[in-house]
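Each value in this text was obtained by applying a stated rule to the coordinates, not by laboratory testing. Predicted model, so just to flag it, every value in this text is computed and none were measured. Because the Cβ atoms are built from the backbone with ideal geometry, glycine has one as well, and the counts that use them run over all protein chains shown.
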Amino acid sequence: MTSVANANPNFDRLRIVLVETSHPGNIGAAARAMKNMGLSRLVLVKPEPKAWPSRDAVSMAASALDVLDGVLVTQSLSEAIADCHLVIGASARLRHMPVQLLDPPEAAARIESVRAEQEVALVFGREISGLSNEELHLCHYHVHIPVNPDYSSLNLAAAVMVLCYEVRKAALAANPAPAISAPEWDQAPATAEELDRYLAHLEKVLIQLDFLDPANPRQLLRRLRRLYQRIQPDRMEINILRGILTATETALGKREKDNS
Ligand code: SAH
């Protein structure tokens, strides 16, 4: 028989991000689901004006008003996840050029293995159109809740509930000895913002090298982003890569001077 665990795992480094939510009730119901599962950090990316702030959000939140009180609003997903080391996007549909796809227990196990040390975001899309491809590419992993394939789109707050429950289950199962522990690493992983800055630098150098045609970039940068997200470089590695880019720029400058 399983005992009913009452412990409250520490989810201080895990945030739920809702992108451009349009129904206030979903914000309230998501806050309630989060609090039920012991989570507290809710970030809203450009919520529709009618959805936030709103009385309906408050009434659907029931006693999770503290979650709503702590809401952070940002103007973009990049801003919402800038300091995150791990970003997992919840998607109702599978896309082409897939990012690594996890099922809910796998996503929860990933989160569990890093939640003590790393900033983590679980990202949810719009009620009508989900997450854009651009937004999905900002995620290290995608998670899909395996539902009826003929009707695979869950209500937003229901999806939040399912994933928060998985995260809680994984945390309770791992407590006190984590089943999956993160490998010991001497450096902090790079944040989303550090990777963004590196990729912007890389883009600039690839254009200078005539490797990337800005008029016809195709999928190059997305593929490169996916590559780096798969590897999850640490901060030192990103610094080394940036150093190489700077040296490349210096060499290019010298070559230009020699040729002029
Ligand atoms: N019609 C949209 C779905 C929007 S549902 C679409 O087809 O993309 C709102 C959000 O809830 C989604 O963006 C996703 O983050 C989450 N969600 C809904 N169903 C899900 C599922 N089966 N698995 C994972 N996330 C889901």
For the chain, share of DSSP beta bridges that run antiparallel, in % to the nearest 5
10 percent
Kindly provide the helix-only [θ] at 222 nm of the chain, computed as the sum of -39,500 (n - 2.57) over DSSP H runs of four or more divided by all residues, to the nearest 500 deg cm²/dmol?
-14000 deg cm²/dmol
Residues with amide H under 5 Å from that of GLN100, placed H, sequence gap 5 or more
HIS142
For the stretch 192-259, with only Lys/Arg (+1) and Asp/Glu (-1) charged at the beta-carbon, what is the dipole magnitude about the Cα centre, in debye rounded to 20?
220 debye
Any idea how far apart GLU203 and ALA7 come out in nm if each label point goes 7 Å out from Cα toward Cβ?
4.4 nm
In whole angstrom, how far apart do the alpha carbon centroids of the stretch 50-87 and the stretch 212-251 sit?
32 Å
Using alpha carbon coordinates only, what is the Rg to Rh ratio of the chain, with Rh defined as the Kirkwood radius?
1.03
